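Before any comments, here is the structure.
The values are calculated or read from the model by the stated rules, or taken from the named source; none is laboratory data. Since we're looking at a predicted model, the values are computed, not measured. Every residue, glycine as well, gets a Cβ built from its backbone with ideal geometry; the counts of neighbours run over all protein chains shown. The accessibility values were calculated without ligands, DNA or RNA, using every heavy atom of the protein model including side chains. Shrake-Rupley method; radii C 1.70, N 1.55, O 1.52, S 1.80 Å.
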Amino acid sequence: MRRTPSALLLVGMLLTGSMVFGQTADPVVMTINGKAVTRSEFEYSYNKNNAAGVIDKKSVEDYLPLFVDYKLKIEAALDARLDTLSSFRSNLAAYRSGQARSAMVSGMDAEVVARSLYEDVKRRTAANGGLYKVAQIYLHVGQRAPRSAEMAARQRIDSIYRVLQRGDDFAALARRSSEDKRSAARGGELPWMQRGEMLAEVETAMLALKVGEMSRPFESPSGFHIIKLIEKRDFLPYDSVHADLLKWVERQNVRKRMTGRRIRQIVETLQTDSSRTMDDRRIISGSRDFLMQEYRDGLLLYDICSRRVWDSAARDEAGLERYFRKNKKKYRWGQPRYKGIAYYAKTKKELKAVKKLLKTADFNSWADMIKRTFSQDGVTTVRARQGLFKPGDDLLVDAKVFGNGVGRSATVEGYPYMAVYGKKLKAPKSIDDVRHLVVADYQEEREKDWVNGLRKKYTVSIDRDVLQTVNKH
């Protein structure tokens, strides 16, 4: 979000003649802590966050409180003088330096710049492992989905995998079965990606594949996946991205020319227009810094939210405990969990030694203790997996705890003796059993309380008549 329209939006308005300052008014739609917000600024933010492709589109009235909350947080950051911190200033200076480099584009031949950009990106991408073309079949499962929905999705992905193993076409099955509709329409194909741009579970599975190979079904925080590595290359051919690069270069040239010529005219008009407030003049005459303003506000927002909500809530153990006790019923599971460890040993003696060791230790230290005790000279005599298991998470736990049977796939080669140790829980006993959910909910509650306080601290005034004209003038 920004205090003023983006540079590209301004360029568009100037080119089409839809907005000429001094002729078309840009009324103030609200004031927050005494600072004016113009209609064009609110419109830009609203339209950006409700553009084509946005699933949860909102009306102007529904978006209004979200925008106000954003502005209140920026005011809180300024009051906390976060804009004076050396870390903030250095980040801003680095971004400003990057903008200055982009501005140099206008003085160079477009083809030369395009080739230079291509070689730079190609070099960095290749150093990161190159590009990967992956296709996927994906079934969505919400993190709080009922057990029945999760089991149904697991059975379905396993069924799809068996069909693929028989030789059925991956693309055809993706079109028919994948719940990622955008990629499903392309036979499951995702855009070219590099490492660090995908879910960790997807990246791990992808890196284990050779071109043409398909993964087994695996689970991520968002659901179940089967992926296929279609192609891998260092980077895309220059010809395939040439047109897009030239368009980018031209946009930089247009921005440079327009902000160099038209902004001066705008400023001159504002300086002689007595009907505008000083705030209006300051905001519009600063149009050349639209992108800088967005980056500045983003830094402030992240910093103030980290300090006042995210980090402080995550570290507030007493507050988290109180929240968990108060809302304990909220975190009931759809089926039991096993809080423990599944382990495999080379000998019966080591199997018994593990159990004896764990009886004297805290749950959180089990895995580390096993690793330290049963590893010597690079040889590990016991392998273990610790966690909060639900049915289907681990074959050995399924067999020993949930009674779902065990086959040859539960064994680990070289470690013929196996056992589990821990407790079967019908519901969470402590905050650690559902910590990630409790922290997220507690942060949300803390943020609501904080924003309510900001609404009382800062004055907010909305001009309803101007609000009614948003996107209608």
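Could you compute the net charge surrounding residue 359? Neighbours are other residues with a C-beta less than 13 Å from the C-beta of residue 359; K and R count +1, D and E count -1. Don't skip to the answer; put the middle values down first.
Details: positive: 352, 355, 356, 423; negative: 362.
Result for the neighbourhood of residue 359: +3.
Where a Cα-Cα gap under 14 Å defines reach, which aspartates and glutamates qualify for residue 456, not counting those fewer than 8 residues away within the same chain?
69, 75
For residue 373 and residue 199, compute 0.36 nm times the residue count separating them, minus their Cα-Cα distance, and round to one decimal in nm. Before the final figure, lay out each step's value.
Numbers: separation 174, 0.36 × 174 = 62.64 nm, distance 3.36 nm.
That works out to 59.3 nm of additional length.
Leaving out ligands, DNA and RNA but keeping every protein chain, what accessible area does residue 352 have, in Å² rounded to the nearest 10, with a 1.4 Å probe?
Taking all protein chains as shown, residue 352 has close to 150 Å².
Under 15 Å from a point 7 Å along the Cα-to-Cβ line of residue 145: which residues of region 198-227 have their amide N that close?
217-226
So for region 167-235, averaging the separation of alpha carbon pairs under 8 Å that are six or more residues apart and normalising by length, what relative contact order in percent results?
Once divided by the residue count of region 167-235, the mean separation gives 20 percent.
Would you mind calculating the relative contact order of region 305-396 from Cα pairs under 8 angstrom and at least 6 residues apart, reporting the percent as a whole number?
Value for region 305-396: 35 percent.
Under a cut-off of 17 Å between alpha-carbon atoms, report the lysines in cross-link reach of residue 330, not counting same-chain residues fewer than 8 places apart.
426, 429
Can you tell me which lysines have their Cα less than 19 Å from the Cα of residue 232? Leave out same-chain residues fewer than eight positions away.
122, 133, 210
What is the Cα centroid distance between region 346-409 and region 119-157, reported in whole angstrom?
29 Å
Write down the radius of gyration of region 386-452 and its Dmax, each obtained from C-alpha positions, in Å.
When restricted to Cα atoms, region 386-452 yields Rg and Dmax of 18.2, 60 Å.
For region 284-403, what mean projected area does the convex hull of the alpha carbons give, in nm²?
With the hull built on Cα positions only, its mean projection is 14.6 nm².
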